[in-house]
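Chemist: Have a look at the structure that comes next, please.
The values are calculated or read from the model by the stated rules, or taken from the named source; none is laboratory data. All values derive from a computational prediction rather than experimental measurement. A quick note on method: Cβ atoms are made from the backbone with ideal geometry, for glycine too, and the neighbour counts reach across all protein chains shown. Areas reflect the complete protein model, heavy atoms only, side chains present, ligands, DNA and RNA absent. Shrake-Rupley method; radii C 1.70, N 1.55, O 1.52, S 1.80 Å.
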Amino acid sequence: MRYLLKRLVTTVLVLGGVSILTFSMTALTPGDPAVAALVEQTGHQPSEETVVAFREQHGLNEPFPVRYADWAIDTLGGDLGQSYSSEQTVASMIGQRLPNTVELAAASMVIAIAIAVPAGVASAVNPGGRVDYAAQFGALVGVSMPNFWLGYLLIIVAALWLDLFPVAGSGGLDHLVLPAVTLGSGMSAVIARLVRTTMLDVLDAPYIRTARSKGLRERIVVYKHALRNALVPVVTIAGLQLSYVLNGAVVVEAVFQRPGLGTLLVDAIFARDYPVIQGVTLLVGVIFVLTNLAVDLTYRYLDPRIDRRGEPA
Amino acid sequence: MMNELLRVEDLHTHFDSDQGTVHAVDGASFGVNRGEIVGLVGESGCGKSVTARSIIRLEDPGRIVSGRISFDGRDLTRADEATLRRVRGEDISIVFQDPHETLNPVFPIGDQIAESVRIHDGGSSQGLLDFLGVPPFRNRTAWNRAEDRAVELMEQVAIPDPNGSAAEYPHEFSGGMRQRAMLAVALASDPNLLIADEPTTALDTTTQAGILRQIWTLRDQRDMGVLLISHDIGVVAQTCDRVVVMYGGQVMESGPVDEVLTAPKHPYTRALLECSPRNLGRDERVSTLEGSPPDAVGGHDGCPFADRCRLATSDCRSGDIPVVESDPGHRVACIETPADSRGTPTVAASGQPRNVVAPDGGDEK
Amino acid sequence: MSEDAANSAPHRPVGARWRRWYEALTTTRLTKLGAGLVCALFALAVFGPAVSPYDPAAQALAHRLEAPSLAHPLGTDQLGRDVLTRLLHGARLSLGIAIAVTAVRLSLGTAVGLVAGYVGGWVDEALMRLVDTLLAFPGIVLALVIAGILGPSLTNVMVALAVVGWASYARLVRSSVLSVREREFVTASRLLGRSRAHVLGRHLIPNVVAPVVVLATLDVGGVILGTAGLSFLGLGAQPPTPEWGTMLASGRNYLRTAWWLVNAPGVLIMLTVFGFNLLGDGLRDALSPTQSAHIEQL
Ligand SMILES: Nc1ncnc2c1ncn2[C@@H]1O[C@H](COP(=O)(O)OP(=O)(O)OP(=O)(O)O)[C@@H](O)[C@H]1O
Ligand code: SF4
Ligand SMILES: [Mg+2]
């Protein structure tokens, strides 16, 4: 309980840091952000009056701390402000795109785990064997492959040559397959390597020998007694892979031209639509921090030893 | 012998290490009868645990290079996995030495005992999904029965409040309670042979006595054979019928407890007894012996004790050391085995036929 | 860096230390493959552009989108430029950027880690919160935003990648400092009147070199992917710069007609990252046991 409290306090602190970082990013703009935004919108150098009016409209005349405070208070109330380049509020733009990205993230996570766990286990059960060698090699190729290229490779083969799936866009399940495979296979490589190492560790543990000494079938020893223990670190890392999903989503959404948070962010960056950039960045940071918290709590649930000790080892 | 349950014959178990091949067990031979408690003693590192693990064929990462382990007439060194599984589930149980993490940390104690019960009851039909507890495949009635039996077993090994404790995790148990829980796991399969590797080492005297009494009772009730590995000569003297003394992976002397421990014939046994009075401290290692145990790397020619033996001659360092059956069932592996068990060991001079070699177990042929 | 390590640990001959690294590089077949790939890439980057008969920027519209042939082993692009030549020039760019960015990450992170671990107190606390915050963002997303706000250019991409990537070095170095400081009390070093600086210099640097080098090796691959990814999104190098990610991005309009335009840079990026990953993995596996043994013997 004490740990939980401490953990929550740190989480809030980090979230505060994330929000400051996000907000102050605008300050990096070379020159005047208002001018830069207007140039992107209109395509020519704005007049003095337009700039003043724009500043007034978006409250850019206040000093930085005041603007941050305003923004932070609005944000806490769920108001992320008004987009510079469209009539919509940032919140509603995000609301439209978020489901697509969540769908992609979930599907690729499922694919990643479905590939990674059996592959990692097969590797660990016979380390140094053919299967292990192949799986490790495959995993290394997987982590090394840029997912934007993998995406095009899949488009060329599965969409253009074999005509199995649509090339791009979003919609039904068939639009989801190629992006999810692209994102999932890279992730599965990381997870498979982790499953392998933790399984190797766990298979050496005394309780595995106990399980064998009971006359248990090897399959049950591996998938019940060993995997359940290996799952503890695997869940942690799989959760932290969310970072990979979000990184990857930006690129994969661009490859498959899926409307999602990633494409929203990239478009906003090119349009210098600062409220949208801030909103999406903040959301990504918040999602990531909260996932870490969730992972931590799951970890505690999976490992009964931690729960009552208060502090993780 | 008709009621011989286990026979280990010239067992060699090796490990590969960076320094070379470790001859952890280097030609050990002994047996355990039904209803008999046999103590296995020897200094740390002499190969007791490896012997125990070899018997149930969990010697990995070591390997059995030669020898025979027959259980109830079956040769376990040649058995396939399915047979071994059956033997482990129904005939031989083991309580491992390391008290730390021998129970799976993520499952409640009761479940782990119940699992053993189910393996025993279910024979070879272990469904993965059933054992994983996936709802439609989980055999509820069977598991409920097994859980009831688990509570009974916990009661038998004197775990207080067995109903409540069954839901607890290993880390919530004290060391002594964990040992008892391990014993319950081992007994769940109603074994004919129980191997207990230092089941009481880390425990206080009361708990230790309790567990030993348990083993004693169970032996009487089930006519179970027991191989009890211990450092504690006192424990062995109180609990066992026979004792096997190991050194450097070989058996130095074996025989009835009252003969071996009161009238030791082998120089090593004597040395061991001299520096370990019966009231040796609980987890005090037998380390007061002069010199150190032999390096198991590469094995050795001749008698493994030669480097520390006061009676060693050049004959001791080469060739096979004959095993002499001095009295029925009392075997000694020493060239210099004296006839008079109490006198200063001298060359066998008093009519005891020297070099009448009776290889251990040879009486059966 | 290993030079330092050797000097600061006089009980080990310099030769032995170098041999350790050499052995680490050649213990397994995969590590050798990685080392070979990386060497080959460096060779291509250094000598390739000089050997190639084409100009990476010269357009030859008559030869646009030609499939791979003897004259153009990897075909030509939409402006008739030789793809292989452009890739070789791109190798120079990518490797140079990756090494520069990694070096900045490493120096910055090491400095912060040393300060945090050494000074401790509120300085440590503040720096670590900063590290937490940075690590709280998925790296590419943060780099994307920073590079985007700074404006699309290769330099800005480098700045962004350097800024988002030093935090893990800081964590690693700080924890090494702390563990050495802890052991300092266990060992008699201090009782022998040795200064803190001496203890840190003698025990810390050798301990931190191997893990930092491993991290950096693996990081090079990550930076290459990051640079290519951001360029792919249009934030990095702008055409006609022969950057791998940019080339891949401009090839996407010709997926059906000229499949080599995306695949040639794709394969090359993969091989490069693969090489560094193999190398990093091999180093880690080979150095960590020695490393822990070395820690034990302190
Ligand atoms: N996994 C292993 N790898 C290499 N050598 C091993 C391994 N397990 C045991 N050994 C070696 O086998 C020999 C016998 O070990 P064993 O554990 O059987 O001793 P023991 O008699 O049970 O000692 P203790 O009383 O300390 O439990 C030792 O020399 C040990 O180093
Ligand atoms: S055989 Fe020789 S060395 Fe071995 S115990 Fe007997 S006398 Fe000692
Ligand atoms: Mg032992």
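Chemist: Take the residues in region C:234-256 that are within 10 Å of chain A (Cβ to nearest Cβ) and of a type outside the set (A, V, I, L, M, F, W, C); name whichever of them is most open to solvent (accessible area, probe 1.4 Å).
Modeler: Filtering region C:234-256 down to residues within 10 Å of chain A (Cβ to nearest Cβ) leaves C:234-235, C:244-245, C:248-249, C:251-252, C:255-256.
Imposing the further condition that a residue be of a type outside the set (A, V, I, L, M, F, W, C) reduces the set to C:234, C:245, C:251-252, C:256.
Details: C:Gly234: 24, C:Gly245: 0, C:Gly251: 1, C:Arg252: 79, C:Arg256: 171 Å².
Within region C:234-256, the match that is most open to solvent (accessible area, probe 1.4 Å) is C:Arg256.
Chemist: What about A:Asp267, is it more than 10 Å from chain C (Cβ to nearest Cβ) and either under 13 Å from the mean Cα position of the chain (by Cα) or closer than 18 Å to C:Ala143 by Cβ (or both)?
Modeler: Values: more than 10 Å from chain C (Cβ to nearest Cβ): yes; either under 13 Å from the mean Cα position of the chain (by Cα) or closer than 18 Å to C:Ala143 by Cβ (or both): yes.
Yes: the conditions hold for A:Asp267.
Chemist: Between B:Gly67, B:Gly31, B:Gly47, B:Gly42, which is away from every other protein chain (no Cβ under 14 Å), open to solvent by less than 20 Å² (accessible area, probe 1.4 Å), closer than 30 Å to B:Leu261 by Cα and more than 16 Å from ligand 3 (Cβ to nearest atom)?
Modeler: Working: B:Gly67 fails: open to solvent by less than 20 Å² (accessible area, probe 1.4 Å); B:Gly47 fails: more than 16 Å from ligand 3 (Cβ to nearest atom); B:Gly42 fails: more than 16 Å from ligand 3 (Cβ to nearest atom).
Only one candidate qualifies: B:Gly31.
Chemist: Right, another one. Looking only at region B:7-27, decide whether some residue is more than 13 Å from ligand 1 (Cβ to nearest atom) and open to solvent by 30 Å² or more (accessible area, probe 1.4 Å).
Modeler: At the first step, the residues of region B:7-27 found to be more than 13 Å from ligand 1 (Cβ to nearest atom) are B:7-10, B:27.
Checking which are open to solvent by 30 Å² or more (accessible area, probe 1.4 Å) leaves us with B:9-10.
Taking every residue of region B:7-27 in turn, at least one turns out to be more than 13 Å from ligand 1 (Cβ to nearest atom) and open to solvent by 30 Å² or more (accessible area, probe 1.4 Å).
Chemist: Determine, yes or no, whether A:Leu80 is under 26 Å from the mean Cα position of the chain (by Cα) and in a helix (DSSP H, G or I). If you could, list the steps in order and put the result at the bottom.
Modeler: Working: under 26 Å from the mean Cα position of the chain (by Cα): yes; in a helix (DSSP H, G or I): no.
Considered against the rule, which asks whether it is under 26 Å from the mean Cα position of the chain (by Cα) and in a helix (DSSP H, G or I), A:Leu80 comes out as no.
Chemist: Now, a different point. Run A:Pro259 past the list (1) in a loop (DSSP other than H, G, I, E, B); (2) within 14 Å of chain B (Cβ to nearest Cβ); (3) open to solvent by 10 Å² or more (accessible area, probe 1.4 Å) and report the number of the one that doesn't hold.
Modeler: With respect to (1) in a loop (DSSP other than H, G, I, E, B); (2) within 14 Å of chain B (Cβ to nearest Cβ); (3) open to solvent by 10 Å² or more (accessible area, probe 1.4 Å), A:Pro259 is out only on (2).
Chemist: Could you grab the pairs with beta carbons closer than 9 Å, sequence gap of 6+ or different chains, first residue in region A:127-141 and under 20 Å from A:Met187 (Cα atoms), second one outside any helix (DSSP H, G or I)?
Modeler: From region A:127-141, the pairs are A:Asp132/A:Asn126.
Chemist: I'm checking my understanding of the structure. Among residues of region B:173-182 that are at pLDDT below 90 and buried (at least 24 other Cβ atoms within 10 Å of the Cβ), which one is nearest to the other protein chains (Cβ to nearest Cβ)?
Modeler: B:Gln179
Chemist: Also, I was wondering about something else. Find the helices (runs of 4 or more DSSP H) located wholly in region A:112-217 whose residues include 2 or more that are closer than 22 Å to A:Val245 by Cβ and within 14 Å of another protein chain (Cβ to nearest Cβ), and list them. Steps first, answer last, please.
Modeler: On the way: elements: A:130-144, A:147-154, A:173-203, A:206-213.
Because the criterion is at least 2 residues that are closer than 22 Å to A:Val245 by Cβ and within 14 Å of another protein chain (Cβ to nearest Cβ), the helices (runs of 4 or more DSSP H) in region A:112-217 that meet it are A:130-144, A:147-154, A:173-203.
Chemist: Checking the conditions here, which among B:Arg85, B:Arg57, B:Arg7, B:Arg53 is of a type in the set (D, E, K, R), over 15 Å from the mean Cα position of the chain (by Cα) and at pLDDT 90 or above?
Modeler: Numbers: B:Arg57 fails: over 15 Å from the mean Cα position of the chain (by Cα); B:Arg7 fails: over 15 Å from the mean Cα position of the chain (by Cα); B:Arg53 fails: over 15 Å from the mean Cα position of the chain (by Cα).
Testing whether each residue is of a type in the set (D, E, K, R), over 15 Å from the mean Cα position of the chain (by Cα) and at pLDDT 90 or above leaves just B:Arg85.
Chemist: Filter region A:12-21 down to the residues that are open to solvent by less than 40 Å² (accessible area, probe 1.4 Å) and more than 8 Å from chain C (Cβ to nearest Cβ), then identify the one that is farthest from A:Ala268 (Cα to Cα).
Modeler: In this case the residue turns out to be A:Gly16.
Chemist: If you don't mind, another one. Take the conditions within 14 Å of chain B (Cβ to nearest Cβ), part of a helix (DSSP H, G or I), over 30 Å from B:Glu90 (Cα atoms) and in contact (Cβ under 8 Å) with a residue 24 or more places away in the chain and apply them to A:Val222. Does it pass? Step through it out loud before you land on a result.
Modeler: Working: within 14 Å of chain B (Cβ to nearest Cβ): yes; part of a helix (DSSP H, G or I): yes; over 30 Å from B:Glu90 (Cα atoms): no; in contact (Cβ under 8 Å) with a residue 24 or more places away in the chain: yes.
Against the criterion (within 14 Å of chain B (Cβ to nearest Cβ), part of a helix (DSSP H, G or I), over 30 Å from B:Glu90 (Cα atoms) and in contact (Cβ under 8 Å) with a residue 24 or more places away in the chain), A:Val222 does not qualify.
Chemist: Being within 16 Å of ligand 2 (Cβ to nearest atom), touching a residue at least 40 places away in the same chain (Cβ under 8 Å) and in contact with a helix residue (DSSP H, G or I) (Cβ under 7 Å, 6 or more places away or on another chain), is that true of even one residue in region B:8-28?
Modeler: yes
Chemist: Report yes if A:Gly95 is surrounded by fewer than 16 Cβ atoms within 10 Å (Cβ to Cβ) and not in a helix (DSSP H, G or I), otherwise no.
Modeler: Numbers: surrounded by fewer than 16 Cβ atoms within 10 Å (Cβ to Cβ): yes; not in a helix (DSSP H, G or I): no.
Against the criterion (surrounded by fewer than 16 Cβ atoms within 10 Å (Cβ to Cβ) and not in a helix (DSSP H, G or I)), A:Gly95 does not qualify.
Chemist: Kindly evaluate A:Val235 against the criterion of being surrounded by fewer than 21 Cβ atoms within 10 Å (Cβ to Cβ), out of contact with any Asp or Glu (no Cβ under 8 Å at 6 or more places or on another chain) and assigned by TED's automatic domain parsing to the domain that holds A:Asn147. Let's see the steps before the verdict.
Modeler: Details: surrounded by fewer than 21 Cβ atoms within 10 Å (Cβ to Cβ): yes; out of contact with any Asp or Glu (no Cβ under 8 Å at 6 or more places or on another chain): yes; assigned by TED's automatic domain parsing to the domain that holds A:Asn147: yes.
In short, yes.
Chemist: For region C:129-144, which residues satisfy the criterion of being within 7 Å of another protein chain (Cβ to nearest Cβ) and more than 16 Å from A:Gly16 (Cα to Cα)?
Modeler: Within region C:129-144, the subset within 7 Å of another protein chain (Cβ to nearest Cβ) is C:129, C:132-133, C:136-141, C:144.
The answer is C:Pro138, C:Gly139, C:Ile140, C:Val141, C:Leu144.
Chemist: Take the residues in region B:201-223 that are touching a residue at least 40 places away in the same chain (Cβ under 8 Å) and of a type in the set (Val, Ile, Thr); name whichever of them is farthest from ligand 3 (Cβ to nearest atom).
Modeler: Once the filter is applied, the top-ranked residue is B:Thr205.
Chemist: Give region B:185-202 a look and list any residue that's over 24 Å from B:Arg145 (Cβ atoms) and either at pLDDT 85 or above or surrounded by 21 or more Cβ atoms within 10 Å (Cβ to Cβ) (or both), or say none. Quick ask: steps written out before the conclusion?
Modeler: Pass one, region B:185-202, residues over 24 Å from B:Arg145 (Cβ atoms): B:193, B:195-202.
Matches in region B:185-202: B:Leu193, B:Ile195, B:Ala196, B:Asp197, B:Glu198, B:Pro199, B:Thr200.
Chemist: Restricting to region B:227-251, name every residue that is within 16 Å of ligand 2 (Cβ to nearest atom) and not hydrophobic (A, V, I, L, M, F, W, C).
Modeler: B:Tyr247, B:Gly248, B:Gly249, B:Gln250
Chemist: May I pose another question? If you go through region C:134-160 one residue at a time, how many are part of a loop (DSSP other than H, G, I, E, B) and either under 18 Å from the mean Cα position of the chain (by Cα) or in contact (Cβ under 8 Å) with a residue 24 or more places away in the chain (or both)?
Modeler: Kept after step one, since they are part of a loop (DSSP other than H, G, I, E, B), are these residues of region C:134-160: C:136-138, C:151-153.
After this cut, where a residue has to be either under 18 Å from the mean Cα position of the chain (by Cα) or in contact (Cβ under 8 Å) with a residue 24 or more places away in the chain (or both) as well, the list is C:137-138, C:152-153.
Looking only at that region, the number is 4.
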